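Read-outs: derived from the displayed coordinates by stated rules, not from any lab. Computed from a predicted model, the values in this text were never measured in an experiment. Please note: Cβ atoms are built from the backbone with ideal geometry, for glycine as well, and neighbour counts cover all protein chains shown.
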Amino acid sequence: MPLAALVAAQEQTDIGDGLRATLPLAGRTLIEYQAGLAMAAGAEHAVILVERVPAALAQAVDRLRREGLRVEIARSVTDALDRFHPQERIILIADGAVAAQGAVDALAAAGSPALLALPDVEDHADFERIDAADRWAGFALLDKPAFEATAQMLGDWDLTSTLLRRLVQADAARISAIDPDGDQELPRPVLTTGPAAISAIEAGLLRRAQPDEGNWTEHALHRLFAGPLVPLLIARRIDQNHVALGAAALAWIAALFAALGLYWAAVLLLPVAAAGASAARRMARIWSRTAPPPRLTDLARHAAALAALILLGRTLAAEGGWGWWTITVLVPAGLCGAAALTPIVSALRAQPAPRWLANADALAWTAPLLAIVGGWRWMVAALAGYAMISFTERFSAAWKAARTGES
């Protein structure tokens, strides 16, 4: 059966613009995170039940729609009811409630009616009590007929509390919000009564910014230089696309310096641009569980670095002969060859690539040190060697994987 979500956004006059839903969370809003939980659990669309739509909420809905999510706003219970298909199951999310994705997934996989429950202990005092043993974690699963029956008798009562009581009366299945599968505890649900309560959710989102993949520059250097920038950037609600554009622009400024013969300025700016691009990627990971795909800004940044390299190669060839053109060309050739072989190796052999392999960012960070130690000629020669060694490793890995597959 199809799945949808109903997110309640009630008035809370003591909070910001009056809505918990618009509390700032990692550069966005709480309502975006709640809708994302439901969508990740399989909901095809979400309905936000709210009487008043402040600017922050309208902007949040626009962002969700730009990302391809079907999100609607309903001003009344009757309006919300009309937006669900008769056969749809509905994930109900109480105002300000957040639970672990694993718990929401377990709820979505259950048969309706069902609800997420917490033990009735002091730590969970903010959550609504079900009975002497359990409290409600703010998430429930029901079908449209149950929602419709509750709407008909609602009157002046609170929707979520009334739905909860009717679900309890219907003997809804209770799924642990902390350990739904009985094998591993999940982060505890949070009821965001104010900005302080949202800090735990934000800390979990920021942990997503740390990449699980990438080469040594991403795990070592960018962790030191780009990682600390991410909380500062999201606190100021700076869009990651603007950060990526800034990194590309900085790279082209480096290329301009190279065109003027100021190679030291160029070689020092390119690592800064790489760190900026890494910060943008990390910001994108906060709201997505997978690494973002390469973008035009990355291609523009790499093109700027290639332009700076070609300009340096021209200078070296003018001073030392055409052979320096050959050495210069080996740098992009080795990188492109290694990049082309990596998906082939991954398809043939499910093993991560070695972290030491060269990529554009690794060369950008390595170049200044090589220039200091050996000058421009040795720098270009060493970068060419690094790129070609990486290509050789990928070619060897692809050859061995193909031979193993044949045997």
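Values computed for the structure shown
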read-out	value
Over segment 291-407: Rg over Rh, Cα atoms, Kirkwood Rh	1.03
3J(HN,Hα) from dihedral phi, segment 88-103, Karplus parametrisation 6.51/-1.76/1.60, rounded to Hz, x for glycine, proline	7, 8, 10, 8, 8, 10, 6, 4, x, 8, 9, 9, 5, 4, x, 5
Dipole axis of the chain (+1 Lys, Arg; -1 Asp, Glu on Cβ), positive-most option in Val331, Gly320, Ala249	Gly320
For segment 3-203, alpha-carbon Rg over 2.2 N^0.38 Å	0.94
15 Å beta-carbon shell around Arg355, net charge (K/R +1, D/E -1)	-3
Cα-based helix-to-principal-axis angle, 55-66 vs the chain, degrees rounded to 10	60 degrees
Percent RCO, i.e. relative contact order, over segment 280-407, from Cα pairs under 8 Å lying at least 6 residues apart	29 percent
Correct option for Kirkwood radius over Cα pairs in Å [calculated from the coordinates] among [x] 25.4; [y] 24.3; [z] 22.2	[y]
Cα shape, segment 212-406, gyration tensor, a/c 1.5 rule	oblate
Under 13 Å, Cβ to Cβ, from Pro113 - net charge with Lys/Arg +1 and Asp/Glu -1	+3
Net dipole in debye of segment 118-262 [+1 Lys, Arg Cβ; -1 Asp, Glu Cβ; about Cα centre; nearest 20]	740 debye
Among Ala125, Ala364, Val190 - extreme Cα towards positive end, dipole of the chain, charges at beta-carbon	Ala364
The chain: most fluctuating residue of Ala362, Ala265, Ala280 per GNM, C-alpha cutoff 10 Å	Ala265
Percentage relative contact order, the chain, counting C-alpha pairs under 8 Å, at least six apart	13 percent
For segment 243-332, radius of gyration divided by Kirkwood radius, i.e. Rg to Rh on alpha-carbons	1.09
Within the chain: Cβ-based charge dipole about Cα centre, in debye rounded to nearest 20 (Lys, Arg +1; Asp, Glu -1)	2000 debye
Acute angle (nearest 10 degrees) that the helix 323-348 long axis makes with the longest principal axis of the chain, alpha-carbon atoms	30 degrees
Residue-wise HN-Hα coupling along segment 382-395, computed from phi with Karplus coefficients 6.51, -1.76, 1.60 (Hz; x: Gly, Pro)	5, 5, 5, x, 4, 5, 6, 5, 5, 4, 4, 5, 5, 5
Cα centre as origin, Lys/Arg/Asp/Glu Cβ charges: segment 3-203 dipole, Debye	540 debye
Under 5 Å, built H, 5+ apart or other chain: amide partners of Asp143	Ile90
Relative compactness, segment 128-183, computed as alpha-carbon Rg over 2.2 N^0.38 Å	1.22
Of all DSSP beta bridges in segment 3-203, antiparallel share, percent nearest 5	50 percent
The chain: most fluctuating residue of Ala318, Ala277, Ala26 per GNM, C-alpha cutoff 10 Å	Ala318
Segment 280-287 - phi-based ³J(HN,Hα) in whole Hz, Karplus 6.51/-1.76/1.60, Gly and Pro as x	5, 5, 5, 5, 5, 5, 4, 9
